[in-house]
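A.B. asks: Below: one structure in structure tokens.
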Amino acid sequence: MFCCVCGGRNPNSLGRSFGGDNHGGVSAEFRADPALQGYRGILHGGVIATHLDAAMTHCLFRHGVRGLTGDFHVRYRSSVACGETCV
């Protein structure tokens, strides 16, 4: 409800809406806002990780599991350009 990524009751939320797919996963489509860049023209890695964390939580919810992130590691394979549409 108050999540900074998808919380409808948080006025500062990014407003992401995660939907389910036919394989048990979830996704959210959004435009990589230049206001969230790290290096010029590149979406900040912490913002990417935050979206991944929210997606994992929504996937758990979709399967009836309640949980919180206890440990999270991510290795980036490429950057995300600001202005790019992400799924």
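A.B. asks: Looking only at segment 67-87, count how many residues are open to solvent by 90 Å² or more (accessible area, probe 1.4 Å) and either farther than 17 Å from Gly20 by Cβ or of a type in the set (Gly, Ala, Ser) (or both). Outline the logic, then answer.
C.D. replies: Start the filter on segment 67-87 by keeping residues that are open to solvent by 90 Å² or more (accessible area, probe 1.4 Å), which leaves 68, 71, 73, 75-77, 87.
After this cut, where a residue has to be either farther than 17 Å from Gly20 by Cβ or of a type in the set (Gly, Ala, Ser) (or both) as well, the list is 68, 71, 73, 75-77.
Number of matching residues: 6.
A.B. asks: Filter segment 2-28 for residues that are among the polar types (S, T, N, Q) and assigned to a loop (DSSP other than H, G, I, E, B); which is nearest to Cys86 (Cα to Cα)?
C.D. replies: My answer is Ser17.
A.B. asks: So for segment 34-45 (the condition being among the β-branched types (Val, Ile, Thr) and either open to solvent by less than 50 Å² (accessible area, probe 1.4 Å) or modelled with pLDDT under 95 (or both)), does at least one residue qualify? Step through it out loud before you land on a result.
C.D. replies: Of all residues in segment 34-45, those among the β-branched types (Val, Ile, Thr) come to 42.
Remaining after also requiring either open to solvent by less than 50 Å² (accessible area, probe 1.4 Å) or modelled with pLDDT under 95 (or both): none.
Within segment 34-45 (the criterion being among the β-branched types (Val, Ile, Thr) and either open to solvent by less than 50 Å² (accessible area, probe 1.4 Å) or modelled with pLDDT under 95 (or both)), the answer is no, since none of the residues qualifies.
A.B. asks: Which pairs do you get when a residue that is farther than 16 Å from His58 by Cα, found in segment 9-36, comes within reach of a residue that is at pLDDT 95 or above and small (Gly, Ala, Ser), reach meaning Cβ atoms under 7 angstrom, with the pair 6+ apart or on two chains?
C.D. replies: Arg31/Gly83; Ala32/Ala81; Ala32/Gly83; Pro34/Gly83
A.B. asks: I've got another one for you. If I ask for residues that are part of a strand (DSSP E or B) and within 15 Å of the chain's Cα centre (by Cα), which ones from segment 29-80 would you list?
C.D. replies: Phe30, Arg31, Gln37, Leu43
A.B. asks: Name every residue in segment 46-66 that is under 16 Å from Ala28 (Cα atoms) and either open to solvent by 80 Å² or more (accessible area, probe 1.4 Å) or among the small types (Gly, Ala, Ser) (or both), in order of residue number.
C.D. replies: Once the filter is applied, which keeps residues that are under 16 Å from Ala28 (Cα atoms) and either open to solvent by 80 Å² or more (accessible area, probe 1.4 Å) or among the small types (Gly, Ala, Ser) (or both), segment 46-66 yields Ala49, Ala54, Ala55, Met56, Phe61, Arg62.
The values are calculated or read from the model by the stated rules, or taken from the named source; none is laboratory data. All of these numbers come straight from a predicted model, not from anything done at the bench. Glycine gets a Cβ as well: all are built from the backbone with ideal geometry, and neighbour counts include every protein chain shown. Areas reflect the complete protein model, heavy atoms only, side chains present, ligands, DNA and RNA absent. Shrake-Rupley method; radii C 1.70, N 1.55, O 1.52, S 1.80 Å.
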